[in-house]
Structure formats: structure tokens, C-alpha cells
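Just so you know, all these numbers are worked out from the coordinates, no wet-lab data involved. Being a predicted model, the structure only gives us computed values, none of them experimental. Heads up, the Cβs are rebuilt from the backbone with ideal geometry, glycines too, and the neighbour counts pull from every protein chain shown.
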């Protein structure tokens, strides 16, 4: 069971941090309204969020963080020139260009709230979501879409993609990013439905 | 709360199905011992499993199932010839060659059992796992590793990878598959620890 006092304290702390992050400029303003909608649910608060991005990492595999170096990061579309420039840099293991959809973590006050949220967000296209941890602070739901592309473009010796098809690859990466942003819109609708549903239950 | 009768019935049904699948040859024998270890925990049973595979799909994106056609599937290493043959086939949208790690679904009897399992499997390298559904039948935990590579190798008009680097790409795909199999070994150890822990609690 989550202690109501701890819950209120954590909720307020998270809310203050969001406002500070917005002020500093850490937070994409595009996601602000969605975050506020989640805080307004009262039985939930967001703990972290990413609207999706395109990065390049030098790493043996994209899933091992340890031996991995981020060499490029952009929360917007990349250009042909971005990719061409990446193909020129020296690489230790493999250079992966990765487009990933939005990821969000939301704390829920009870297991029931966690499971209701989970059902809603899966329907909204966050199909790889799950309850990932629980503690006296609450039940942490991870929202993931499945939108993810990681292309090995170069190793230490050679370029692995066709140099004639740079535009095609840029298009594929940017389209993944755009699809992620669209999924955030569906999420916002789902959160609004959840709000309507919980308001009705209180009334 | 899960009804004990439904639980026992479902557990037995799943166990019979695994044996039938083994007999027919649906199941990779490599995973048999792991599945039996999970059944032996009694408070859990596996509902589905895949040891990892390399597939090729013709699809706009790898995450949209609807407009996607599987043109190749192998639960073992691919060869240079496999990939070369794939580059010759006609493509409607984009041909993705995908290597993915193991995926497993395990039903747990209580939320507490689900969360204990979740903690263990995340430590064993199934880091994208989560509790994904709950019902009167139990609490469904999805085990996912994060091992996933999807390379767009060709579109309707052109080959996107470098024809000179086929070996490099085959190597990257096969290594992902191998890393997935290794992760299954860690999972088996984690399940054994869980068994020792639960036996101790009963004694």
C-alpha cells in the first residue's frame, strides 16, 4: 500500500520538477500539455518523458549501454547532410543511427490504477508498455511504442549502407520519428478519456 | 484474486500444451528444460516462448503488422547466401531483415509473484520486461531483452545496403541472435534461484 502522505509529497515534487525543467528548457514544450493532463489525473504523475529522437551511437550493439558513445542527438528530423557527416567520422566498433519513438514513465497510486492506465495506453498504440516496478512510492508504468529503428551505417573500416541511397535511409528514419509524434497525440486522447472516466466515478 | 481452481486448471492445460508442442516439433528443444523449470515453480507457468530468430519482412515499418509480409524465417544463424537471395526478391514497400532476442510470456498467480519474477528477470538481462495484463486467470509478465536489430536492406526500387558489405551485415545479425541465446542461459539461472528461494519459504 502506498502511504498517502508520501504519495502527495512525491506528486508535488514531480510537479515542481516539471515546471523547473520547462523553465530551464530541458523539456520539449510539445509535451507540456500532455504532462499537465497526467498530473491532473491526481492518481498518477509522470516521472520522465522523451518525445522521440534520432541519435547516432558508436557501440558493438545498440542495447549495451556500457561500451557505447553517443556522437549525435536530435529531437527533430535529420537531413541528408547530417547523415553524410556521420559517415565521415572515425568509428571504434559500429556506428548505429537510431530513430526511436516516445518513452514515458508514469507512477500510479494503486495496482488497479496502473492496470487501467496500461490498458488505455496499449490501446493508444503504446503496445510495448508494462508495469515495471512497484514500491511504497507507487506502481511505475513504462509507456513504449515499439517504434524503433537502428541502422548499422558504418563499422571501423567500411560504410555498410549504400552511398547512393542516403536519401532513402534519411526518409525511413524521419518517418519513424514522425510516427512517434503521432502516437503521442493518441496518448493525449487516451489520457483525456481516463480523466473523464475518473471524474465520472468521483461525481 | 485468482480462483485456485481456475489456476490449477490453466496450469495443467498449459503443461499439456507444452508437451504436445514438443511432440509435434513446434518447440525448440533447447528451451524445453527452461520451460519445465518454470512449471516447477508452481506459482507460474509459461504461456508462450520464442528463443529468438532472424526474419525478413516486406513492410512499411517493422512495427506495423497489418501491411507486413514475412518472406523469410530462421531460428538459427543466417548465411551470406540467405541475405544475397533476399536482395534478389521483388519488394513492395521495404524489406527489413530483423534479428530479435528471446521473448517469453509467464503467468504468475499473484501480483507479488509477478513483481518478484519481474525483478529477477530484469536482473538476468530481460530489461524490457513488464507486467502487461491481469485478469481472474492471473498476472501476465512479458519477458523481453531489448536485443533487436531491423535493417532496411531494400526498397521497391533499390538495394539500400552496400553490396560489398554483405558479410559484415550477416555477422551483425548472427551476433544479435547469439547474444539472445546467451541471455536465455542467464534466465535459466534466475529461474533456478527463484525456485531455491520459494522452496526455502515453503520449508
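Here are the numbers for the structure shown:
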read-out	value
Förster radius 41 Å - calculated FRET efficiency between residue A:189 and residue B:178, Cβ distance, rounded to 0.05	0.45
FRET efficiency, residue A:64 to residue A:9 (Cβ-Cβ, R0 35 Å, nearest 0.05)	0.45
Inter-copy spacing of residue B:48 label points, which lie 7 Å from Cα along Cα→Cβ, given in nm from shortest upward	2.8
Exam field: residue B:5 pseudo-label spacings to other copies (7 Å along Cα-Cβ), nanometres	4.6
Within a Gaussian network of chain A (alpha carbon springs, distance under 10 Å), most fluctuating of A:37, A:155, A:21	A:21
Which of B:2, B:97 has the fewest Cβ neighbours within 10 Å, and the rest in rising order	B:2, B:97
With Cα atoms, 0 to 90° folded angle of helix A:4-24 axis to chain A main axis	40
Between 0 and 90°, nearest 10: helix A:166-202 axis offset from chain A longest Cα axis	0
Residues listed by number, the range A:125-168, amide nitrogen under 19 Å from residue A:79 label point at 7 Å toward C-beta	A:165-168
Computed over chain A, Cα set: Rg, Dmax in Å	19.4, 66
Residue of chain A whose Cβ sits closest to the axis mapping A onto B, with distance in whole Å	A:130, 1
Angle in degrees between helix B:111-123 and the longest Cα principal axis of chain B, rounded to the nearest 10	40
At R0 = 60 Å, FRET efficiency that the Cβ-Cβ distance of residue A:112 and residue B:171 yields, to 0.05	0.80
Computed label-point distance, nm, for sites residue A:16 and residue B:119 using a 7 Å Cα→Cβ extension	3.0
The protein assembly as shown - convex hull of alpha carbons, volume per residue in Å³	157
